[in-house]
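Peer 1: Can you read through this structure? Questions will come right after.
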Amino acid sequence: MAGNRKPYNRSLPPAWAAHGDIQEALDALETYRKKDPNKVIVRFKAVGNAPIMKTNLYQINASNRFQAVIQFVRRQLQWKAGDPLFTYINLAFAPAPDDTVANLYKSFATDGHLIVNYSTTAAWG
């Protein structure tokens with residue numbers, strides 16, 4: 001059955017191509033694809049019995065997903081993937097791993113920093 005399939009066609013549907021906005025759409029996609037070169041200052045604060053980092057201020061690429069921040073904290077604390085780690089923004093909520101650092105910073109920055117609290121046990125619901 002696999003031999004009967006037509007090769008994948010990467011061209012735009014004729015209805016889209018007829019509008020002449022193709023270059024504008026391609027430019028928008030290219031802009032979206034570029035990573036933000038800006039950096040965000042992130043302040044890490046331990047909560048409860050979590051070990052304290054030696055340095056608590058770091059600059060992180062704004063285009064990174066929050067998952068990269070979680071992995072960074074794990075590396076700094078030498079925490080294994082199976083060890084519990086809970087992260088919060090401003091002692092208020094746990095962001096989704098696919099949130100971008102830039103969006104979190106724009107919405108929740110305090111004194112020019114994004115404050116990330118971390119804990120080994122669930123601190124807030």
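The values are calculated or read from the model by the stated rules, or taken from the named source; none is laboratory data. In this text the structure is predicted, and so the values were computed from the model without any measurement. Cβ atoms come from the backbone with ideal geometry, glycine included; neighbour counts cover every protein chain shown.
Peer 1: With the checklist (1) of a type in the set (Asp, Glu); (2) modelled with pLDDT under 90; (3) at positive phi in hand, flag the one item Asp111 doesn't pass.
Peer 2: It fails just one condition, (2).
Okay, residues lined up against (1) at pLDDT 95 or above; (2) surrounded by 15 or more Cβ atoms within 10 Å (Cβ to Cβ); (3) polar (S, T, N, Q):
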| site | (1), (2), (3) |
| --- | --- |
| Leu26 | no, no, no |
| Ala50 | no, yes, no |
| Lys80 | no, no, no |
| Ala92 | no, no, no |
| Leu104 | yes, yes, no |
| Asn117 | yes, yes, yes |
| Ala122 | no, no, no |
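Peer 1: Also, quick follow-up: Filter the range 72-117 for residues that are in a helix (DSSP H, G or I) and touching a Pro at 6+ places or on another chain (Cβ under 8 Å) and give the result.
Peer 2: Leu77, Leu104, listed by residue number.
Peer 1: Is it the case, given these coordinates, that Gln71 is over 23 Å from Pro37 (Cα atoms), without any contact (Cβ under 8 Å) to a residue 12 or more places away in the chain and polar (S, T, N, Q)?
Peer 2: Against the criterion (over 23 Å from Pro37 (Cα atoms), without any contact (Cβ under 8 Å) to a residue 12 or more places away in the chain and polar (S, T, N, Q)), Gln71 does not qualify.
Peer 1: Select from the range 40-68 the residues that are touching a residue at least 24 places away in the same chain (Cβ under 8 Å) and of a type in the set (Phe, Trp, Tyr) and list them in ascending order.
Peer 2: Those that are touching a residue at least 24 places away in the same chain (Cβ under 8 Å) and of a type in the set (Phe, Trp, Tyr): Phe44, Phe66.
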